[in-house]
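Throughout, read-outs are computed from the coordinates displayed, never taken from laboratory work. Remember, predicted model here, so these are calculated numbers, not experimental data. FYI the Cβ positions are ideal-geometry reconstructions off the backbone, even for glycines, and counts take in every protein chain you see.
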Amino acid sequence: MQYKRLKKRHIVYIVILVVWLAACITGYINVNRRFPHPAEDFYSKGDMVEYEGMEITAEELSYMDAAGFKSRYQTVSQDNWIRNDDKYKDRRWFLAKFNMKNVSDSKKVVELDILPNLQLTGYPVGYSNQGQAITVNRDENTVIMPGEEKEIVIYFTVANSPSRPVNQKKLIKSDFYIDLSVYPDHKAIVFHGVDDSCDIDDS
């Protein structure tokens with residue numbers, strides 16, 4: 001009698017398990033049908049990418065310290081927030097240089113129309129950050145009028161500290177994705193390592 005009760009109980013458990021598995025499988029299939037994997041739309045350095053009424057071409061990706069950043073771009077040398085002092089001695093930046101042309105009928109402000117959806121992601125190290133924009137020409141601003149073309153630098157901070165040390169030599173060899181959108185289309189400009197870097201001492 002007790003054996004029959006145990007057998008019935010096992011059958012009930014098996015039925016519940018089968019129903020639960022069926023529900024999980026159905027839900028998984030439904031989610032993947034409603035939210036398929038994003039289509040990959042990848043570009044390389046020098047390719048022109050159409051985005052938000054702009055024609056964007058990535059020209060280079062560099063890794064710089066404060067001294068290199070300021071010497072390369074005069075626009076930054078006017079700002080006091082990057083100094084060659086102890087506060088910034090361990091800080092580095094990724095500098096992505098772009099040619100941007102406004103092909104729309106309205107003005108574009110890089111900080112408002114481009115930066116909110118743009119981020120730099122590095123694999124396999126796992127770096128990810130959003131950036132800020134400056135112009136290469138110190139006499140220009142980041143507003144681009146219809147038909148106008150400007151060279152823009154977007155810089156991304158890499159903060160290094162004793163509690164979270166960064167392996168810089170490994171970092172700069174990563175695959176970097178400048179993501180313009182991630183879903184439903186993953187549109188990105190891909191760099192396999194940086195084009196140029198400052199001196200690195202990971203000792």
At 7 Å along the Cα-to-beta-carbon direction for both residue 99 and residue 196, put a label point, then send me their distance in nm to one decimal.
1.7
Using square roots of five times the C-alpha gyration tensor eigenvalues, list the equivalent-ellipsoid semi-axes of segment 40-197 in whole Å, biggest first.
26, 20, 12
For the pair residue 90 and residue 60, how long in nm is the line joining their label points, each one 7 Å along Cα→Cβ?
2.9
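What is the extension gain from residue 16 to residue 71, computed as 0.36 nm multiplied by their sequence separation minus the C-alpha to C-alpha distance, in nm to one decimal? Please report the intermediate quantities before stating the final value.
Values: separation 55, 0.36 × 55 = 19.80 nm, distance 6.87 nm.
Going from the current span to full extension adds 12.9 nm.
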Which value in nm describes the separation of the simple spin-label points at residue 185 and residue 140, placed 7 Å from the Cα toward the beta carbon?
2.6
